[in-house]
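Below is one structure; the comments refer to it alone.
The values are calculated or read from the model by the stated rules, or taken from the named source; none is laboratory data. These figures come from a predicted structure and were not determined experimentally. Cβ sites come from the backbone with ideal geometry, for glycine too, and all protein chains shown count toward neighbours. Quick note on the areas: whole protein, heavy atoms, side chains included, nothing else; ligands and nucleic acids left out. Shrake-Rupley method; radii C 1.70, N 1.55, O 1.52, S 1.80 Å.
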Amino acid sequence: MSRGAPITRRAVRWLDSRSGSAPFLRKTLRYVFPDHWSFLLGEVALYAFTVLVATGIYLTLFYVDSTKEIVYHGSYAPLQGQKMSEAYASVVHISLQVKAGLLIRQTHHWAANIFLAAIVLHLFRVFFTGAYRKPRELTYVLGVTMLIVSLLEAYMGYSLVDDLLSGMGLVIGYSVGLSLPFVGANLMALIFQGPFPGGPEFFPRMYIAHVFLFPLLIATLLGAHLVLVASKHHTQFKRKRSQTERSLVGVPMWPGQAPRSLGLALATAGLLFLLGGLVEINPIWLWGPFHTYSSTNGAQPDWYLGWLIGGLRLVPSFDWTIGRYTVVPNPFWGGAAFPLIVFGFLYFWPWLERKVTGDHAFHNIVERPRDAPVRTAIGVGMIAWVVLVFMAGGSDRVYVLFGITYTSQIWVYRVLVWVGPLVAAGIAWWTCTALQGVERVDGARHEAEARARLARARRGEGPPGDPGAVES
Amino acid sequence: MSRFRDWLVSGALLVVGRRPRRPLDDARRLVPKAPPNLAAETLVLLLFGLTSLSAIGFVLVYALDPPAQTQLLGATLGLALLFLALALIVVGQKLVVTEELVEEYPAPEHPHEQALVGELIEESGDRLTRKGLFKLGLLGAGGTLGLALLAPVVSLGPVFRVREYLTSPWRKGRRLVDDKGKPYKASDIEADNFYSAFPEGITETQKEAIEAPVLLIRLPESALSLPPELQGYDAGGILAYSKICTHAGCAISMYRAPLFQPDEPKPALVCPCHYSTFDPTDGGSVVFGPAGRKLPMLPLTVDARGYLRANGDFDEAAGPSWWGVRIWKDTSS
């Protein structure tokens, strides 16, 4: 093909002759995507991550990673003359003086919330459909790891602002770190460069972790996750006869899927910018600067940390001691053991399930939640556990709104978080088996009707395959 | 020059030209043929236009600095992205052919290659005579090298100096001052009120330490029931406790004086983070919530001129618990 060939052909030729990528491109463009909305949740997370990186880069151009104390002389009158860290002053500056700064900062914050929500929903989809089964355990494990890394990443971003609420969050995290048996104090001295609030290098370190190390880690995990997804191809629901464990039915990347995915990416970004512009989130200039000796009542963290606040609040008063040695300080249970159990469960679940079911087969067809009642029940039980602890973390709001005393609520939750999951699991199991029963009855009826129609047709009483005529 | 003309002509053709007839015959096409959809095409063009309008709106809002700028910036940029998203979704659903392809899954395993890889690795170690020792040596070398490379991490912070957790700026005779550095007199402390205090003469940075802030309250002496070892810690009913919760390190900022909550008749100090609740009448014991240790108490005295002074250090280590937090009593004088 020489000059005069269409420009697309020439571009492809140029690229292929320099990179040898035409065979790869051809295969990629015809990669088949199963057509089901629930497969888009992971994509939303990916696009939210892209928005986070883009808005985050903008914010780094203004943020100052220093806890050096200065006196505020900016445009915001209520903070005039207050002592605060350079970090907090710079975020107030971004929010109130940099043009478009507040939009970018709020979009960044919203994107973090939605990024984590999308990951969690994606995890639910993968869990309840059994998509993590062989040969995709590794993809799943990378995904769970990304969730943990992203939680820490979001927590650091929240802490870097150094407003009153973020400082309270930071000292709580520090206390949970201190509570790690045997090594907590040493570890926190290492990370914070001494006891709280730590040395002058702590904030710059947290900043590097937030804007470089952790994003790099997430991007690496994300890359590996996507490579594994593509190399094993997507799973699919069995909705057509042609969908089998051996062959995948769906829309090719090009031209069908690409505009839709790109549309979803832009829609995600558009929604995030709408939220960032129109719905206020974390108005940090109202909270004021953080000092170790100040705190405020009624503070609630971002949603993805709510379960840990609940966990910390629910544990009754005790430190486990042997003589003068404190083996397990209290915050360990709610702040460390609780998430460790939840993530440990998520990590080991695929192997636990295989051990019980003895299922070593390859699976490309995913199941509906009802197809695996025990898995669904256990999953629902775990969610109920986390959600109930999360709700316990909101008891103070319930007290303010409805006047139910805080202490009585906590006592109720201390029981409910153990009973509730069992009940929820039971209901889930019963629902699954009931749905299965309905399907069996329906299936049997359809079969019987088909047989009857066929028999009637044979006897010449009516046309076959016309259920309306038979039913009414 | 002619090259420039070529570009110009092809550019113009791209904009207004009609699709030239394809030389390929329909049977050989990769993407199946489908009739045009003029309505959808028009809609997409309209959405492209709306995207441009919103994007220009964003730049105008940015440049002109109107009131409610953040909201207008978010709305214009968000809408621009959403219009373009909608255009692409219409393209995906209505303008390009929606094919349904069947694709074979890749082979789940490659037994032949697996065998080859295994063989390669096994055969390459044939010349080794003491394989066990070799592996052990390699493990040792790798492990020690790994440790050596990790060692500089210790520079990050005083990982082995945990005594720093057990220091406190409070000394016998040190005056208590407020946030601005003004010393408290015993007469400044009123009942049913709540004061923050710091040791006199510390820097702003030292004020941020966990052990620095204390809270001051006044209770009728008859209401106190301090345990024997804390007898005399109060100064005529004025009590000083560490302001930092022993649970998770937040500042205790709520004092429930017996003014409200008829079901909770006793005064209490409450941390707003996880609602650990301490009883100030008996030396700071935990009455509710997760805290695992009592609130540290600072012994007080009043000097001849009426100023509040510390009469020693805390009875317990201040701040959240860690493995050595209860060694305090061995170390303090």
Quotient of Cα Rg and 2.2 N^0.38 Å for region B:168-310, N being how many residues it contains: 0.98
Inter-label distance, nm, simple model (7 Å from Cα along the C-beta direction), A:Arg459/A:Leu352: 5.7
Lysine pairs in region B:168-310 with Cα atoms under 29 Å, if 8 or more residues apart or on separate chains: 21
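For region A:202-244, which semi-axes, largest first and in whole Å, follow from the square roots of 5 times the eigenvalues of its Cα gyration tensor?
Values: eigenvalues 317, 18, 3 Å².
Value: 40, 10, 4 Å, ordered largest first.
Using the C-alpha gyration tensor of region A:338-427, what are the square roots of 5 times its eigenvalues, in whole angstrom, with the largest one first? All intermediate terms of the calculation are to be shown ahead of the outcome.
Numbers: eigenvalues 235, 33, 22 Å².
Working through the eigenvalues yields semi-axes of 34, 13, 11 Å.
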D (Stokes-Einstein, µm²/s), Kirkwood Cα radius, region A:1-108, 0.890 mPa s at 25 °C: 131
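How would region B:36-97 be classified by its alpha-carbon gyration tensor: rounded, prolate or oblate, with rounded meaning a/c under 1.5 and the a/b versus b/c comparison settling the rest? Don't jump to the answer; show the numbers that get you there.
Values: a/c = 4.96, a/b = 3.02, b/c = 1.64.
Verdict is prolate for region B:36-97.
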A:Phe345-A:Arg451 FRET efficiency (beta carbon distance; Förster radius 60 Å; 0.05 resolution): 0.80
Expected 222 nm ellipticity per residue - DSSP helices of 4 or more, -39500 (n - 2.57), all of chain A, to 500: -21000 deg cm²/dmol
A:Arg414-A:Asn297 pseudo-label distance in nm [points 7 Å out on the Cα-to-Cβ vector]: 2.2
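Hey, how much of the P(r) for region A:250-362 falls beyond 23 Å, as a percent of Cα pairs?
Working: 4209 of 6328 pairs.
The answer is 67 percent, as a whole percent.
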Projected-area average for region A:304-375 over all orientations - Cα convex hull basis, square nanometres: 7.8
Rg/Rg_globular for the protein assembly as shown, with Rg_globular taken as 2.2 N^0.38 Å and Rg from C-alpha atoms: 1.19
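Ordering A:Ile94, A:Ile378 by how much accessible area each has at a 1.4 Å probe, largest first, what is the list?
On the way: A:Ile94 5, A:Ile378 65 Å².
If we order A:Ile94, A:Ile378 from most to least accessible, we get A:Ile378, A:Ile94.
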Chain B: projected area of the alpha-carbon convex hull, averaged over directions, in nm²: 41.3
Most fluctuating residue given options B:Ala268, B:Ala235, B:Ala12, as computed from a GNM of chain B linking Cα atoms under 10 Å: B:Ala12
Ratio of the Cα radius of gyration of chain A to 2.2 N^0.38 Å, where N counts its residues: 1.21
Distance between modelled label sites at B:Thr203 and A:Leu121, nm, 7 Å Cα→Cβ extension: 5.1
DSSP bridge orientation in the protein assembly as shown - percent antiparallel, rounded to nearest 5: 95
Within chain A, longest stretch free of exposed GluC sites (Glu not before Pro) [DSSP loop, at most 16 other beta carbons within 10 Å]: A:1-200
Neighbour cut-off at most 12 other Cβ (10 Å), DSSP loop, GluC sites (Glu not before Pro), region B:105-154: B:Glu109
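Just to make sure I understand: if all protein chains stay in place, what is the order of A:Phe128, A:Phe402 by accessible area at 1.4 Å, largest first?
Values: A:Phe128 30, A:Phe402 145 Å².
Sorted descending by solvent-accessible area, the residues read A:Phe402, A:Phe128.
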Any cysteine of chain B lacking a neighbouring Cys Cβ under 4.7 Å - listed by number: none
With every protein chain in place, the protein assembly as shown: carbon and sulfur % of accessible area (1.4 Å): 67
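Compute the FRET efficiency between B:Lys33 and A:Val374 as 1/(1 + (r/R0)^6), taking r as their Cβ-Cβ distance and R0 = 41 Å, and round to the nearest 0.05.
Working: r = 49 Å, r/R0 = 1.21.
FRET efficiency, B:Lys33 to A:Val374: 0.25.
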Residues B:Lys266 and B:Lys172, FRET efficiency given R0 of 30 Å [Cβ-Cβ distance, rounded to 0.05]: 0.45
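Could you rank A:Ser95, B:Ser155 by how accessible they are, 1.4 Å probe, largest area first?
Numbers: A:Ser95 10, B:Ser155 100 Å².
Reading off the accessible areas and sorting them downward yields B:Ser155, A:Ser95.
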